[in-house]
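What follows is one structure encoded as structure tokens, with my remarks underneath.
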Amino acid sequence: MKREINHQAMDCYLSFQCVPPPMTIFRDIHQLPPAHMLIYTPQKLEVREYWDVHLSDHPHHSESQYIQNLEELIHESVKMRLISDVPLGAFLSGGIDSSVIVYNMTKAMSDPALTFSIGFTEERFSELKYARMISSRLKTRHSELIVEPKAIEVLPKLVWHFDEPFADSSAIPTYYVSKITREHVTVALSGDGGDELFAGYQRRYYLNVLEDKFRRVIPDPVRHTLIAFLAQIYPKADWLPRFLRFKYSLSNISMELERAYFHDRSTFRPELKDKLYHPDLKEVLGDFTPYLIFDHYFSRARSNDLLSRILYVDLKTYLPNDLLVKVDRMSMANSLEVRSPFLDHKFIEFAMTIPSYLKLNGKTSKYILRRYLQGKVPQEIIDRGKMGFSIPLSLWLKNDLRDMVEDVLFSRNARERGYFRYEYIRKMWNHHLKGMRDFSVQLWTLLMLELWHQMFV
């Protein structure tokens, strides 16, 4: 079989930073979607879904009853995942999700739990002090590492282990925390899934809920004409104060929810792809759009509750296609098994019955988890916002990785692939270096794509 690129899969990658199943980056090679099985008989080959979570009207319980049910289910899930005949520990980021997991570990174990954290020399990207606070309160045996990663050295390892183009830059800290954890244990528990079940991405979810309120009161003809026009002419300038950066919000309000959320989740929004793609690539793609992925899951998210629909789509797309792939590949690159108590199917089914106001309460994300943690961890942990497992990507591209970007992105081989208009990539790169606009995520996505080509094609 020839190594022919699936251009539709590449188009999806440039939207989502990963290739969503059932596609792979190679034409005529497919992957089995999550929660599906392959049934083979001499007569036919069938792909069948064996599990899904269904949205339904929320049962009417008190807040305290929901918290009690949550406590019972998460404790049982953690206990099940502590069964092991090899040394076991947990990732401790300093956030809400890992606090819930580690607290329940300490309840279920007679010996102190082993916890692991990493941080960066750039203080605003490091959560080490919060992880120490939690460890001190819960009396865990804590190990930490301040990472000064040599990205140029580690990137080839990442590309190799992912097999396909993959551009979630938090793969780097995930690789390092897995590395330090494996020096002590063979199995680690993680808080993956907490954000998608309990609306942890506060700004994203809050803005989408807010935008939908405007969408409901502004007449459709006004949204589709005047608001759309304003979105086109309003500048996209990262130097503006945050409260003036609403170009994308105007654009989102002019669209229906489903398409707006797709744009919101896209690394390269359609208007950027139009500038980036070479005419030959546009011709090959034709009418295809990665929006079809989101449209499929939105059509299955049958609920009158906006947030529940969005969380369902993230649960079916971003979580399995990006986050879980990242953790699986980076942990197994270090021979570490990671278990995720939040992703027990019984716990997911319960979590999706919790009313939205107990997840996103005003601007407070993970409201019910914060209420559950009251008195269990320091109040400062409960009150702080989500930091995310991120790296100083913009800074790295301007400094440590600058020469690599120049050598890889603008190489003769890259230009001759015929995918992109390289004068536009050069424009993005120059604007990024001058601080005119932060294109770090887009440039990283292109860099990882070209590194993958160099290794596998």
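Can you name every residue in the stretch 358-377 that is buried (at least 20 other Cβ atoms within 10 Å of the Cβ) and either of a type in the set (Gly, Ala, Ser) or out of contact with any helix residue (DSSP H, G or I) (no Cβ under 8 Å at 6 or more places or on another chain) (or both)?
Ser365
I'd like to verify a number: residues in the stretch 121-162 that are aliphatic (A, V, I, L, M), free of Cβ contacts under 8 Å to residues at least 60 places away in the same chain and assigned to a helix (DSSP H, G or I), how many?
Qualifying residue count for the region: 3.
Would it be correct to say that Met23 is of a type in the set (A, V, I, L, M, F, W, C), buried (at least 17 other Cβ atoms within 10 Å of the Cβ), touching a helix residue (DSSP H, G or I) at 6+ places or on another chain (Cβ under 8 Å) and in a loop (DSSP other than H, G, I, E, B)?
So Met23 fits the description; yes.
Pick from the stretch 333-357 the residues that are within 22 Å of Phe91 (Cβ to Cβ), among the polar types (S, T, N, Q) and in contact with a helix residue (DSSP H, G or I) (Cβ under 7 Å, 6 or more places away or on another chain): which of them is surrounded by the fewest Cβ atoms within 10 Å (Cβ to Cβ)?
The selected residue is Ser335.
Run Tyr66 past the list (1) at pLDDT 95 or above; (2) touching an Asp or Glu at 6+ places or on another chain (Cβ under 9 Å) and report the number of the one that doesn't hold.
(2)
Quick one: what pairs do we get from the stretch 180-197, first residue part of a loop (DSSP other than H, G, I, E, B) and surrounded by 19 or more Cβ atoms within 10 Å (Cβ to Cβ), second among the polar types (S, T, N, Q) and modelled with pLDDT of 95 or more, C-beta under 7 Å, 6+ apart or different chains?
Close Cβ pairs satisfying both conditions: Ser190/Ser340; Gly191/Ser98; Asp192/Ser340; Gly193/Ser340.
Taking the residues in the stretch 394-436 that are part of a helix (DSSP H, G or I) and among the acidic types (Asp, Glu) as candidates, determine which candidate is farthest from Leu276 (Cα to Cα).
Ranking the qualifying residues of the stretch 394-436, first place goes to Asp403.
Go through the residues of the stretch 331-339 one by one and say whether even a single one is touching a Gly at 6+ places or on another chain (Cβ under 9 Å) and modelled with pLDDT of 95 or more.
Applying the first criterion (touching a Gly at 6+ places or on another chain (Cβ under 9 Å)) to the stretch 331-339 yields none.
No.
Please verify whether the stretch 306-323 includes one or more residues that are surrounded by 15 or more Cβ atoms within 10 Å (Cβ to Cβ), modelled with pLDDT of 95 or more, over 20 Å from the mean Cα position of the chain (by Cα) and part of a loop (DSSP other than H, G, I, E, B).
No - not one qualifying residue is present in the stretch 306-323.
Within the stretch 389-411, does at least one residue satisfy the condition of being of a type in the set (Gly, Ala, Ser) and either in contact with a strand residue (DSSP E or B) (Cβ under 9 Å, 6 or more places away or on another chain) or crowded, with 20+ Cβ neighbours inside 10 Å (or both)? If you could, list the steps in order and put the result at the bottom.
So the first thing to find is which residues in the stretch 389-411 are of a type in the set (Gly, Ala, Ser), and the list is 390, 394, 411.
Filter once more, so that each one left must be either in contact with a strand residue (DSSP E or B) (Cβ under 9 Å, 6 or more places away or on another chain) or crowded, with 20+ Cβ neighbours inside 10 Å (or both): none.
No, the stretch 389-411 contains no residue that is of a type in the set (Gly, Ala, Ser) and either in contact with a strand residue (DSSP E or B) (Cβ under 9 Å, 6 or more places away or on another chain) or crowded, with 20+ Cβ neighbours inside 10 Å (or both).
Test Ser126 against the criterion of being at pLDDT 90 or above and either of a type in the set (Val, Ile, Thr) or closer than 14 Å to Ser93 by Cα (or both), and give yes or no.
It is false that Ser126 is at pLDDT 90 or above and either of a type in the set (Val, Ile, Thr) or closer than 14 Å to Ser93 by Cα (or both).
Residues of the stretch 290-300 being touching a residue at least 24 places away in the same chain (Cβ under 8 Å) and either under 19 Å from Pro165 (Cβ atoms) or surrounded by fewer than 22 Cβ atoms within 10 Å (Cβ to Cβ) (or both), which ones?
The answer is Pro290, Tyr291, Ile293, Asp295, Phe298, Arg300.
May I ask you to list the residues in the stretch 163-172 that are assigned to a helix (DSSP H, G or I) and among the small types (Gly, Ala, Ser)?
Ala171
Just one of Asp287, Asp274 is without any contact (Cβ under 8 Å) to a residue 40 or more places away in the chain and assigned to a helix (DSSP H, G or I); which is it?
From the options Asp287, Asp274, the qualifying one is Asp274.
Is it the case that the stretch 6-13 has a residue that's in a loop (DSSP other than H, G, I, E, B) and out of contact with any Gly (no Cβ under 7 Å at 6 or more places or on another chain)? Steps first, please.
At the first step, the residues of the stretch 6-13 found to be in a loop (DSSP other than H, G, I, E, B) are 6.
Then keep just the ones that are out of contact with any Gly (no Cβ under 7 Å at 6 or more places or on another chain); that gives 6.
Looking through the stretch 6-13, at least one residue is in a loop (DSSP other than H, G, I, E, B) and out of contact with any Gly (no Cβ under 7 Å at 6 or more places or on another chain).
Of the residues that sit in the stretch 40-91 and are part of a helix (DSSP H, G or I) and acidic (Asp, Glu), which one is surrounded by the most Cβ atoms within 10 Å (Cβ to Cβ)?
For the stretch 40-91, the residue satisfying everything is Glu76.
Looking at Ile180, Ile218, Ile172 in this structure, which one is β-branched (Val, Ile, Thr) and within 25 Å of Ile310 (Cβ to Cβ)?
Ile218
Looking for whichever is at pLDDT 95 or above and within 18 Å of Thr445 (Cα to Cα) here; the options are Val159, Val154, Val185. Which one fits?
One residue alone meets the criteria, Val159.
Taking the stretch 316-337 only, how many residues are farther than 26 Å from His296 by Cα and among the charged types (D, E, K, R)?
Summing the residues that are farther than 26 Å from His296 by Cα and among the charged types (D, E, K, R) in the stretch 316-337 gives 2.
Which one of these does Thr106 not meet: (1) touching a residue at least 60 places away in the same chain (Cβ under 8 Å); (2) under 24 Å from Phe350 (Cβ atoms); (3) surrounded by 12 or more Cβ atoms within 10 Å (Cβ to Cβ)?
Result: Thr106 fails condition (1) only.
The values are calculated or read from the model by the stated rules, or taken from the named source; none is laboratory data. Computed from a predicted structure; not experimentally measured. For neighbour counting, all protein chains shown are included, and Cβ atoms are generated from backbone atoms with ideal geometry for every residue, glycine included.
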